[in-house]
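One structure is given below, encoded as structure tokens.
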Amino acid sequence: MSDILSYNGYTAKIEFDAEDRIFFGRLAGINDGIGFHADTVEDLIAAFQEAVDDYIETCAKIGKAPEKPYSGKLMFRVDPEVHAQAALAAKLKGQSLNAWAAGVLRDAARATTGGAVAV
């Protein structure tokens, strides 16, 4: 079971409000506050897709580039020993450090999120 939806490059984590008896979510990874809600799963998926489409359309109308959640560039610092071990692991796999790290991060993210549900 997954509580994550993906559509057209955008992702949202889904939550349930027991008091109001609704599902709700918000686009993740962007600063613009784009939310949606619905009473059923089917309506929630439709509301999510509509929110994404409306966001992109509204941005076009006002001449603003829609925010994209992630650029694909990731920079972070690690201990030099970890750097050396990662470089060795990549070399032993016959990969560049970048390709090896991307694979490790992809696998860890999928294991943690269960993979995003494309709709």
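Read the figures in this text as sums done on the coordinates, not as results from a lab. Only a predicted model underlies this, so the values are computations on that prediction, with no experimental measurement involved. Glycine gets a Cβ as well: all are built from the backbone with ideal geometry, and neighbour counts include every protein chain shown.
Data overview
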| read-out | value |
| --- | --- |
| Estimated inter-spin distance, ILE30 and THR112, nm [label 7 Å along Cα→Cβ] | 2.2 |
| Candidates per GluC sites (Glu not before Pro) in region 34-108, loop by DSSP, up to 15 other Cβ within 10 Å | GLU67 |
| Additional length obtainable on full extension of the chain from ILE56 to LEU105, 0.36 nm per residue less Cα span | 14.8 nm |
| Fluctuation leader among ALA28, ALA12, ALA46 - the chain, Gaussian network, Cα springs under 10 angstrom | ALA46 |
| Sites ALA84 and LYS64 - FRET efficiency at Förster radius 35 Å, r taken between beta-carbons, to 0.05 | 0.20 |
| ³J(HN,Hα), Karplus 6.51/-1.76/1.60, whole Hz, each residue of region 23-36, x for Gly, Pro | 8, 8, x, 9, 4, 9, x, 10, 7, 5, x, 10, x, 7 |
| Mean residue ellipticity (222 nm) of the chain, computed from DSSP H runs ≥ 4 via -39,500 (n - 2.57), nearest 500 | -15000 deg cm²/dmol |
| Ratio Rg/Rh [Cα only; Rh per Kirkwood] for region 59-119 | 1.15 |
| Amide H partners (placed H, <5 Å) of ILE34, local residues excluded | LEU27 |
| Alpha-carbon radius of gyration plus Dmax, which is the widest Cα pair, for region 2-60 in Å | 11.1, 37 |
| Anchor LYS68: lysines whose Cα lies under 30 Å away (excluding residues fewer than 8 positions away in-chain) | LYS13 |
| Under-5 Å amide H pairs with THR11, H placed in peptide plane, nonlocal only | ALA28 |
| Reciprocal mean inverse distance between Cα atoms of the chain - Kirkwood radius, Å | 16.8 |
| Under the Karplus curve 6.51 cos²θ - 1.76 cosθ + 1.60, θ = phi - 60°, whole-Hz ³J(HN,Hα) for region 67-79, x wherever Gly or Pro sits | 5, 9, x, 8, 8, x, 9, 9, 10, 8, 9, 10, 4 |
| Where labels lie 7 Å past Cα in the beta-carbon direction, separation of GLN49 and ILE22 in nm | 2.1 |
